[in-house]
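The values are calculated or read from the model by the stated rules, or taken from the named source; none is laboratory data. This one's a predicted model, so the numbers in the text were calculated from it and none came from an experiment. All Cβ positions, even for glycine, are placed from backbone atoms using ideal geometry, and neighbour counts span all protein chains on display. These area figures cover heavy atoms from the full protein model, side chains too; ligands, DNA and RNA do not enter into them. Shrake-Rupley method; radii C 1.70, N 1.55, O 1.52, S 1.80 Å.
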Amino acid sequence: MGKRVAVVGFGQTIGRSSRKDVNGVEIINEAVVAALADAELTIDDIDAIVIGNMDHFEGINYVDSWSVEGSGGVMKPIFKVTTGGTTGSSVAMCAYYHAASGMFDRVLAIGWEKNSESDTTGAIITAFDPFWERPNIGGAIAGLAVEASKYMSNYGVTERDGARVAVRERLHALNNPYAHLHQEWMKGMEVDQLVELLVTSEQNQVLAYPLRMSDMCPRTDGAAAVVFASEDVAEKIAPIPAWVVATANRHDYVYLGDLNWDVNETLRDASRKVFEKAGIKEPLKEIDVCELYMPYSYAGLKWMENIGFCGPGEGPKLLWDGTTDMDGELPVNPSGGVMSYNAIGATALIRVGEAAIQVMRKAGTRQVQKDVNYALSTGFGGCSWADVMLLGKNKPA
Amino acid sequence: MTNQEEKKQELLTVTSGEMYQPYNWSAGSRGSRFLTELKENKRLFGIKCPKCGRVYVPPRKVCGRCYVAMDELVPVSDEGEIVVCAIIEFGFVDPATGVQRPVPYGYIFVRLDGADTTLPHFCNSADPEKVKVGARVKAVFEDERKGTLMDIRHFELI
Amino acid sequence: MEKVGIVGVGQTKYERKKEDTFAELVFEACTGALADAGVGIEDIDNVVTVSNDFWDGRTISSMAVMDAAGSWDKDISTVEGDGVFGAMYGMMRALSGSFDTTLVVAHVKGSEGNMNLITNAMFDPIFQRQLGIDATSSAALQARSYMEKTGATEEDFARVSVKNHGNGVNNPFAQIQKKISVDDVMKSRKISEPLKLFDCSPITDGAAAIVISNEKGMKRFKKDPVWILGAAHISDSYTLGYRDLTSSPALEAAVKKAYGMAGITDPLKELDVVELADVYSYMELLWYEGLGLAPKGKGADLIRSGATAMDGDLPVNPSGGLLCAHPVLVAGLARIIEATLQIRGEAGDRQVKGANKALAHGINGPCGQAHGVFVLGS
């Protein structure tokens with residue numbers, strides 16, 4: 001029961017602060033055209049489509065209907081999946097289930113956002129309960145700042161640790177032609193120098209201590225599309241399909257106030273489930289590359305622990321040892337991550353696509369050199385929700 | 001169009017103008033009790049799960065972990081401890097008022113004595129030396145209350 | 001398609017305004033479906049919720065209902081669109097090899113927002129929205145085109161309304177339980193020419209849930225399932241000016257697939273009951289044609305013949321349909337529930353005798369752009 005499914009194609013638009021040259025339908029189309037070209041398929045080959053974004057960022061209701069002429073969904077099965085920040089990964093999982101069900105062979109997953117078209121913080125605030133949370137919340141930044149404050153208080157983590165993560169993301173992004181933020185001036189500088197610069201610069205505004213501008217992700221206009229194919233056709237389409245080995249998610253919480261601020265429980269639980277399904281006992285050893293959905297720098301420390309790559313409080317060690325750099329044992333975010341490109345509806349889908357091209361060995365200048373057997377991608381959003389998808393080179397048993 | 005004309009072509013945007021979407025959300029019976037007690041008596045309540053015993057503030061009907069309905073309202077203190085906090089320094093437009101929120105302000109999650117969950121709210125201080133994890137705070141009520149969470153003006157450090 | 005069926009259903013009473021929160025409505029529908037299935041939440045392997053950010057006034061509308069939908073320690077996702085698409089997704093997940101049972105739940109509170117503004121927001125902001133067009137005014141355009149093309153009259157639309165309102169009297173869940181006449185419809189307040197008050201569905205609050213299981217999961221349930229014999233969804237083009245509003249090629253394509261899966265060649269003969277999306281009275285005639293129950297342009301003949309009345313060959317909307325209760329998004333899921341109850345013989349006063357095969361239908365987007373259909377059987 002159930003088919004094995006692989007990613008066979010990936011396309012994305014170059015991240016920009018504002019794409020005035022295209023409307024939403026057109027930006028979706030760009031990503032679709034790119035993904036189909038990558039898979040060497042035409043839209044006629046696609047059996048079903050899933051699309052996602054966050055409504056209030058563009059103020060359009062029933063986006064799946066509105067964009068059908070750009071997504072290729074005219075006279076095809078199509079519907080919308082949306083779960084906030086995890087939208088892109090929920091869309092990927094939905095496309096996977098379409099193909100796994102045996103009902104559709106080639107499924108297109110699309111995620112997009114034109115963040116320039118609205119007030120991001122204002123829209124994010126409306127995610128939270130109108131009675132208990134909206135009156136005082138300060139958007140996503142506030143929610144992340146409080147998590148960071150507890151993490152620092154628990155383990156003595158410092159601003160330099162956060163900045164070191166940011167530096168890694170920025171340097172990785174320099175290899176990614178699609179990244180929104182390309183800090184060219186960082187090229188050739190020493191890591192320690194850059195960390196010092198970020199924590200001492202007065203221009204690096206503190207948004208909510210310990211978060212500075214450099215610790216946060218940008219707002220991007222962008223779109224991405226991933227082609228999933230069932231085992232009946234995947235190997236005919238891609239020379240190295242990126243097989244979906246296991247996927248799980250947890251969206252346990254409704255109120256921010258209910259969260260366990262010490263541990264990202266949903267990420268821990270979803271990861272545990274994926275590792276259990278895949279038979280992975282030592283994540284740090286067995287996983288070759290990770291595209292971690294990291295909306296802010298400290299997540300790159302704490303959430304690595306919660307996934308199980310290292311123990312509590314050991315995130316900084318993993319980082320400073322160089323384990324998560326491109327030539328390390330577990331490169332994290334070769335793409336530059338969410339901190340380099342954040343078109344919310346697309347962002348979590350891009351993690352899947354970026355992990356896939358690592359397995360498929362199509363990542364060009366950001367390809368991890370070592371053998372990639374397993375690539376892990378995660379999604380984050382809403383009330384600390386987590387989506388996890390493990391891709392692999394070998395067809396699952 | 002010639003290449004020259006294409007280059008000159010302005011990229012336009014269409015604004016939503018004053019578009020707004022009005023809503024009237026129901027607080028539900030438990031939320032309404034909480035807000036009524038807050039407004040009339042300056043008393044705070046949580047709701048207790050009959051299965052696991054967790055006390056949730058603010059009250060809601062379903063205990064997510066046990067998947068049972070909760071009915072037992074229990075009083076909780078108006079004092080508690082800061083579990084997480086941040087000083088917000090960036091200005092943004094509050095969608096509820098349409099006005100820029102004045103910054104900096106202290107944003108805290110308080111575990112009121114007797115509750116198992118935390119309640120997000122403002123702190124009366126924006127001093128990072130004082131607004132810390134573990135600090136004790138107490139609710140300060142508005143003199144004129146309307147039956148919203150903001151009937152608590154903020155929490156003050158004690 | 002492998003064997004998969006519906007093993008539990010639950011719905012709240014549909015009302016103009018309910019005091020419960022979204023979470024409370026979802027909990028009511030879910031616990032109802034679980035009780036009907038005779039299981040607890042621990043027997044549910046994963047969940048699909050259905051909601052819409054504009055209707056709820058919340059970005060990430062699903063967040064409000066995670067606890068109430070049983071998300072704790074389970075895989076869960078959210079479809080934003082009619083419940084019939086949520087059911088499609090829930091079914092796929094039960095066939096994927098990862099889960100045996102899926103709980104699908106939809107909610108809406110039409111009373112809390114402004115329906116005109118909310119549906120106006122589905123129109124393109126660059127070229128259409130400033131016209132103030134919304135679900136009802138665009139439906140009026142479609143109704144008018146249909147009348148011009150086929151010769152259907154306002155009285156024909158009224159006949160649909162009379163039939164469905166009459167049926168709704170027998171449905172304890174329906175919001176509107178009121179017998180009316182063609183005259184009542186014709187005299188009712190004009191909303192958007194040619195649509196009058198009784199041609200339009202009401203504004204409704206409510207929630208509904210179903211439990212889907214694959215064959216392996218069936219051993220957890222005592223009742224016989226209602227099998228999903230065929231299911232499909234297709235979307236037409238978007239821009240109203242690009243589509244032929246007088247026909248529904250998307251619906252035709254969807255049923256072609258679903259009937260094919262179910263082995264149906266003559267739907268009028270082989271189906272025992274149909275629950276379709278009559279958001280507006282004229283839509284029922286359009287969907288008759290799309291479903292293959294009437295030839296192109298001849299939907300009006302079918303309503304006039306009485307074949308779709310309770311005592312006809314193929315009763316359509318014994319529940320009273322959306323004209324008697326229109327919880328947006330929940331709509332398609334409620335049609336699936338009604339069809340399920342019919343096949344089980346549990347439809348009480350609205351029961352169609354000997355119903356063994358039923359069709360449930362839902363739509364999404366302006367003027368019924370996208371369609372989803374389920375063919376169910378015993």
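Could you list, in sequence order, all residues of region C:158-195 that are open to solvent by less than 20 Å² (accessible area, probe 1.4 Å), free of Cβ contacts under 8 Å to residues at least 12 places away in the same chain and out of contact with any Phe, Trp or Tyr (no Cβ under 6 Å at 6 or more places or on another chain)? Listed by number, the list is empty, since nothing qualifies.
Within region C:106-129, being assigned to a helix (DSSP H, G or I), farther than 10 Å from A:N61 by Cα, open to solvent by 10 Å² or more (accessible area, probe 1.4 Å) and within 11 Å of chain A (Cβ to nearest Cβ) holds for C:L117, C:R129. When the residues of region B:77-91 are filtered to those that are more than 10 Å from chain A (Cβ to nearest Cβ) and either among the hydroxyl-bearing types (S, T, Y) or in a strand (DSSP E or B) (or both), which remaining residue is surrounded by the most Cβ atoms within 10 Å (Cβ to Cβ)? Filtering first and then ranking leaves B:G80. Every test in (1) within 12 Å of another protein chain (Cβ to nearest Cβ); (2) closer than 22 Å to A:L349 by Cα; (3) surrounded by fewer than 23 Cβ atoms within 10 Å (Cβ to Cβ); (4) in contact (Cβ under 8 Å) with a residue 60 or more places away in the chain is passed by A:I240 save one, and that test is (1).
Inspect region A:315-324 for any residue being away from chain B (no Cβ under 14 Å) and either β-branched (V, I, T) or in a strand (DSSP E or B) (or both) and give the result as yes or no. For region A:315-324, residues away from chain B (no Cβ under 14 Å) and either β-branched (V, I, T) or in a strand (DSSP E or B) (or both): present.
Based on what the data block shows, is A:A123 closer than 22 Å to B:P102 by Cα, open to solvent by 30 Å² or more (accessible area, probe 1.4 Å) and touching a residue at least 12 places away in the same chain (Cβ under 8 Å)? Working first, answer last.
On the way: closer than 22 Å to B:P102 by Cα: yes; open to solvent by 30 Å² or more (accessible area, probe 1.4 Å): no; touching a residue at least 12 places away in the same chain (Cβ under 8 Å): yes.
Considered against the rule, which asks whether it is closer than 22 Å to B:P102 by Cα, open to solvent by 30 Å² or more (accessible area, probe 1.4 Å) and touching a residue at least 12 places away in the same chain (Cβ under 8 Å), A:A123 comes out as no.
C:I234 - would you say it is closer than 22 Å to C:I336 by Cβ, open to solvent by less than 20 Å² (accessible area, probe 1.4 Å) and touching a residue at least 40 places away in the same chain (Cβ under 8 Å)?
Numbers: closer than 22 Å to C:I336 by Cβ: yes; open to solvent by less than 20 Å² (accessible area, probe 1.4 Å): yes; touching a residue at least 40 places away in the same chain (Cβ under 8 Å): yes.
Spelling it out, C:I234 is indeed closer than 22 Å to C:I336 by Cβ, open to solvent by less than 20 Å² (accessible area, probe 1.4 Å) and touching a residue at least 40 places away in the same chain (Cβ under 8 Å).
Residues that are in a loop (DSSP other than H, G, I, E, B), closer than 19 Å to B:E81 by Cβ and within 9 Å of another protein chain (Cβ to nearest Cβ) within region B:116-158 comprise B:D116, B:T117, B:T118, B:P128, B:K132, B:V133, B:G134, listed in sequence order. Count of region A:27-58 residues, restricted to those that are in contact with a helix residue (DSSP H, G or I) (Cβ under 6 Å, 6 or more places away or on another chain) and among the acidic types (D, E), is 2. You will find that of A:L301, A:L259, the residue that is touching a residue at least 12 places away in the same chain (Cβ under 8 Å) and open to solvent by 10 Å² or more (accessible area, probe 1.4 Å) is A:L259 and no other.
Looking at A:G279, A:G222, which is the one that is open to solvent by 20 Å² or more (accessible area, probe 1.4 Å) and either closer than 30 Å to A:R16 by Cβ or without any contact (Cβ under 8 Å) to a residue 40 or more places away in the chain (or both)? Spell out how you get there, then give the answer.
Values: A:G222 fails: open to solvent by 20 Å² or more (accessible area, probe 1.4 Å).
Result: A:G279 is the single residue among A:G279, A:G222 that is open to solvent by 20 Å² or more (accessible area, probe 1.4 Å) and either closer than 30 Å to A:R16 by Cβ or without any contact (Cβ under 8 Å) to a residue 40 or more places away in the chain (or both).
Counting only residues that are in a loop (DSSP other than H, G, I, E, B) and within 9 Å of chain B (Cβ to nearest Cβ), which one in region C:55-68 is surrounded by the fewest Cβ atoms within 10 Å (Cβ to Cβ)?
Initial filter on region C:55-68 (in a loop (DSSP other than H, G, I, E, B)): C:57-60, C:66-68.
Among the residues that remain, those that are also within 9 Å of chain B (Cβ to nearest Cβ) are: C:57-58, C:66-68.
Values: C:G57: 20, C:R58: 24, C:M66: 30, C:D67: 25, C:A68: 29.
Among those residues, the one meeting the criterion is C:G57.
Summed over region A:70-107, residues that are outside any helix (DSSP H, G or I), at the interface with another protein chain (Cβ under 8 Å from one of its Cβ atoms) and under 28 Å from C:S248 (Cα atoms) total 13.
Filtered by the rule that a residue be open to solvent by less than 60 Å² (accessible area, probe 1.4 Å), within 26 Å of A:A148 (Cβ to Cβ) and at pLDDT 95 or above, region B:136-151 gives B:V137, B:A139.
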